[in-house]
1. Quick check: convex hull over the Cα atoms of segment 67-211, volume per residue in Å³, rounded to an integer?
2. By what distance, in whole Å, do the Cα atoms of segment 81-167 stretch along each of the three principal axes, largest value first?
3. Need one number: nm distance between label points at D218 and E51, each 7 Å from Cα along Cα→Cβ, rounded to one decimal.
4. How high is the relative contact order of segment 376-457? Use alpha-carbon pairs under 8 Å, at least six apart in sequence, and give a whole percent.
5. State log₁₀ I(q)/I(0) for segment 136-282 at q = 0.11, 0.15, 0.17 Å⁻¹ as given by the Debye formula over alpha-carbon point scatterers of equal weight, solvent excluded.
6. From zero outward in steps of 10 Å, how is the percent of C-alpha pairs of the chain spread across the bins?
7. Which three extents, in whole angstrom, do the alpha-carbon atoms of segment 29-111 cover along their principal axes, largest first?
8. Suppose a student asked you for the relative contact order of the chain, using Cα pairs under 8 Å spaced at least 6 residues apart; what percent would you report?
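The values are calculated or read from the model by the stated rules, or taken from the named source; none is laboratory data. Note that the structure is a prediction, hence the values are computed from the model and not measured. Neighbour counts are summed over all protein chains in view; Cβ atoms, including those assigned to glycine, are modelled from backbone coordinates with ideal geometry. These accessible areas exclude ligands, DNA and RNA; they are computed on the full protein's heavy atoms, side chains included. Shrake-Rupley method; radii C 1.70, N 1.55, O 1.52, S 1.80 Å.
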Amino acid sequence: MTATGIHWDTIRDEAVTYLGDLLRIDTTNPPGNERAAAEYLAEVLRREGIEPQLFEPEPERVSLVARLAGTGERGPLLLQGHTDVVPANPDEWSRPPFSGEIADGCVWGRGALDMKGTVVMQLMALLLVKRLGLRPRGDIIFAAVADEEAGGFVGAGWLVDHHPDLVRAEVALGEVGGFTVFIGDRRFYPIQVAEKIGNSLNVTVRGASGHGSQPIRDGAMAKAGEVLRRLTDNRLGHHVHPAAEAFVRGLAQAQPELLGLLDERRAAAVLAEMGADARHFEAMLHNTASPTIISGGNKGNVIPGSVEITVDGRIIPGQTPESFLAEVRALLGEEAEVVARRTIAGDSATAEQQAQRAVQAAGIPPTTEAPVNEFFAQFQPIIDELDPGALVVPYLMPAVTDARWFARLGTPTYGFGPVKLTPDLPFWTLFHSADERIPIDGLLSGTRAIFRVLERW
Ligand SMILES: [Zn+2]
């Protein structure tokens, strides 16, 4: 078999089998239980003569690392993915979320896009390199890790802390990116090159407490209401990161009015015209602070003296926790005590785990930034093969991924797992949503695209 003699139909069927099997392994995080997924991948690799290493820092939380040797002329390329998935409520799905069913040309299931589908593309691309006997100049590392959806503390974070030499690479491919975005009559493939910084906050308001039979109109409850109103009615600072600017300028080729998003004075008006897409663009261009948990009072007839609101805060790279805090404080006024949240990802973690994670998190660099360079430039011709006429654009991810952990080792991650979608199957409605699915053709084209990168490494 040569690179030109690959039987892509067979590869497609093989990829569909692997993905279906992985989707049927329930790795909902929490609790994760990624062991079965890691062992499944290990078995596939061993059959091909690749011996992986498995790590289990906590019971059932297994991550896998495998390596294919290159000639050593350059550093390794890391294919990084996670095997855990976010929860799925079967009542909201048209098919059981852990069935791996095939219907309407798609493989269905929680994780089909995020990101077992991409893990399978990476796996297939790696197997092809091995089967063809290719010797890339640098090693290819394949890491399928646990725990990304809860912060990566017992997955990528643990590997980076305990086995840095196994995963250190010149560059990495991971999530999120390479899914078709439709603007006007043009198609775009955003590739993640940077991501926002998580910075959750606790907001506490205080006031007189007393018996519920006698109203208190200016107490903690009223102040909490005011905090919620201010947080949801207003936007924080507008900060244009270079990746967000490149993204918007790219998309503006199809819809010039989008350029207004880059101008602080016009951004709100443009967002107002965008409908459901606005949330996403707003997050890419602003620091954000979304209230998520409110707690106060513990007795039905006592007006509480304090109410605490947990706020999911996200900072645009380049801004600092201090400048972010200042923005939130300015918005909420002096009555609200605003502090950075001490709890580190994973509210179900024990106190001991929390403490350990806080230490781990202290070492996380502010964010990951992958340069838009020669390496990035190869994505356009690859997408040209997949979807002629479509344009590759850099992308600022408004959430966090494991890329920030690998960045600690100096490894930049590009979100590249290309899937050609159709206008009736828009990416942002599938990611972490009910009826998550991946077109079978997309699974194959993504495999081919990642294989192209490996071929050239
Ligand atoms: Zn993911």
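1. 244 Å³
2. Principal-axis extents of the Cα atoms in segment 81-167, largest first: 47, 34, 12 Å.
3. 7.5 nm
4. The normalised contact order for segment 376-457 reaches 31 percent.
5. -0.74, -1.00, -1.09
6. Here the calculated profile for the chain is 4, 20, 29, 26, 14, 5, 2, 0, 0.
7. Principal axes ranked by extent give 51, 35, 24 Å for the Cα atoms.
8. 25 percent
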